[in-house]
Amino acid sequence: MTVFQILLPAFVASLILTGIHAYLGVHVVERGVIFVDLSLAQIAALGSTVAYLSGFDIHSTAAYLFGLAFTLLGAATFAFASFHRKTRIPQEAVIGISYAVAAACSVLVMSKATRETEHLKEMLVGNILAVSWPDLAKTAALYAAIGLFHFVFRKRFLLISTNEREAERLGWNVRFWNFLFYASFGFVVTSSVAIAGVLLVFSFLIVPSVAAMLFSERIGVRLAIGWTMGAIVSAIGVYLSFTADLPTGAAIVATFGAALLLMAAARALLRIGVHAPPAADA
């Protein structure tokens, strides 16, 4: 096989992941629940780990359904635990606690299984180079369906993400719509973790959205920047992982970090140029 044939499925997987996660990342950043993806990804990994310990192959349909069931339970918890306005407990605290507990439970469960070290590593960084074209087709179809669902109800999801009080004033059942958002999020995360691992999924969600916010407040522009960044960074990360013989997921995550630093530096230089005083005439 040529290098192109080896790297192409991983690059296409990265494009698919970027497409849905960059969009969801806009909502996550606006809602201020930055670690919800990381938490749901870890919960999905816990479900797959339980399936693995129960005797199922980690890449089987049963393992996926275990992960999905755990994730939907987590999504329901986050959607209906919107008590942070009436108490001093922020929702991000609940999300962080859920992540820590899910991660600890994964370690405890895997301590009773064989080859636990390799499986834990795969949960964290995945093995995107091993993705197959049939898996990509199924994932793309699922993400397209979820994307269509979000497109149909885009006004409701966007208003709740940016101005939840206004949505409540209009009489919308915010908790119900939050559940639909987190449930659809859960379907995406469960599939993504199986392909890319927890850390890469989190990077696809947050880094393009944060980078785009450096340059624009408009949702459309932020999506365009996020999608472009995700595609370019994914291509570079996949290529570097192959040429330097590095784990692909970790290489893409590190490339995302480097790209974010470069974009932040470019933004700072642009601001300095804009606000610099004009040169005095001789």
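Some observations on this one:
- Point-to-point label distance, S60-A183, nm (Cα→Cβ direction, 7 Å offset): 2.7
- Most to least packed among 159-169, 145-155, 68-78, 198-208 [average Cβ atoms within 10 Å]: 198-208, 68-78, 159-169, 145-155
- Order of D245, D135, D57 - criterion: other Cβ atoms within 10 Å of each residue's Cβ, fewest first: D245, D57, D135
- Calculated mean residue ellipticity, 222 nm, the chain: -27000 deg cm²/dmol, from DSSP H runs (n ≥ 4) at -39500 (n - 2.57) each, averaged per residue and rounded to 500.
- For the chain, with +1 on Lys and Arg beta carbons and -1 on Asp and Glu, the positive-most of I20, H59, G237 along the dipole: I20
- Here the range 218-257 is scanned for amide nitrogen atoms under 17 Å from the site 7 Å beyond the Cα of L129 along Cα-to-Cβ, giving 234-255.
Read the figures in this text as sums done on the coordinates, not as results from a lab. Since the model is a prediction, treat every value here as computed from it, not as a measurement. Cβ sites come from the backbone with ideal geometry, for glycine too, and all protein chains shown count toward neighbours.
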